[in-house]
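The structure under discussion appears below in the form of structure tokens.
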Amino acid sequence: MDRFKTWRKKPIFWVAMLFLWPLLLLGLLVILGLWSIQDIKKNRGQRSWYQIRGTYGLLFIGILLLSGFMQKNGSNNTEINSQAASIMVSSQSDKNNDQSSSEAEASSKAQQESSAESEKAASEASEKAAYDASVKASSEAAASSQNAASESAARASAAIAAEEASKAYEAKSVVQQTTEQPTPQNDTGRTVFVTGGGRSDVYWYSTSSMPARTNKNNIITMTEADALAQGKRHSRTE
């Protein structure tokens, strides 16, 4: 101890402290600062800034810098006071770290419970959305099939109406042709027309009343009396 006091009085001691003390303090501040920044980045999404240990580390660095500044510009008493303040801050920081650790555990537990409730609510919401989507799809499919059935029924009705209109038109045409044709007379000497070169079993009063596919080159003429004598009869479609 006496040797340290004696060496302390030498100028080389103060020269060494002049170069080593700032380097040691700077290294400590860099390590503590890097740890504080990393801790804040890691936990800022989980806890408030004042509940993170890294915040107290930065505060500690700030206090150290302030105390160093005061040490440069103050006396030996100021140096002693700043060291005491640093010790108090360190103890307070440890105390706050313990408190923040317990608060962090409580906050983590509460956050886990909140996360579980959120996941449950999200799962229920997704199941409800899927059920609503399936019900909507079923109703749309039913409506689509109903519309298709309605369209099919409408088309069938239109086809039936068109067919009935066509039949009515054909019947009207037959009646009109029948009414427009001359009324047969009882005169058996009237000239008639026989198809198939005279081999047909029916005769016609006019060639215009014959079917469209009739070969006009095989038509022969005779009197109605001759046709009746050969067992022929008047065409029913004329």
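The values are calculated or read from the model by the stated rules, or taken from the named source; none is laboratory data. Computed from a prediction, not measured in an experiment: that's the story for all the values here. As a convention, Cβ positions derive from the backbone with ideal geometry for all residues, glycine included, and neighbour counts pool all protein chains shown.
Just need a number here: residues in the stretch 185-195 that are at pLDDT 90 or above and farther than 17 Å from Ala229 by Cβ.
Qualifying residue count, the stretch 185-195: 1.
Could we say that Thr195 is surrounded by fewer than 17 Cβ atoms within 10 Å (Cβ to Cβ) and of a type in the set (S, T, N, Q) here?
no
Just one of Pro211, Pro182 is out of contact with any strand residue (DSSP E or B) (no Cβ under 6 Å at 6 or more places or on another chain), modelled with pLDDT under 75 and of a type outside the set (Lys, Arg); which is it?
Pro182
Restricting to the stretch 28-62, give me the number of residues that are assigned to a helix (DSSP H, G or I) and either over 23 Å from Met88 (Cβ atoms) or not small (Gly, Ala, Ser) (or both).
We begin by selecting, within the stretch 28-62, every residue assigned to a helix (DSSP H, G or I); these are 28-43, 49-51, 53-62.
From what is left, the residues that are either over 23 Å from Met88 (Cβ atoms) or not small (Gly, Ala, Ser) (or both) are 28-32, 34-35, 37-43, 49-51, 53, 55-56, 58-61.
Of the residues in that region, 24 qualify.
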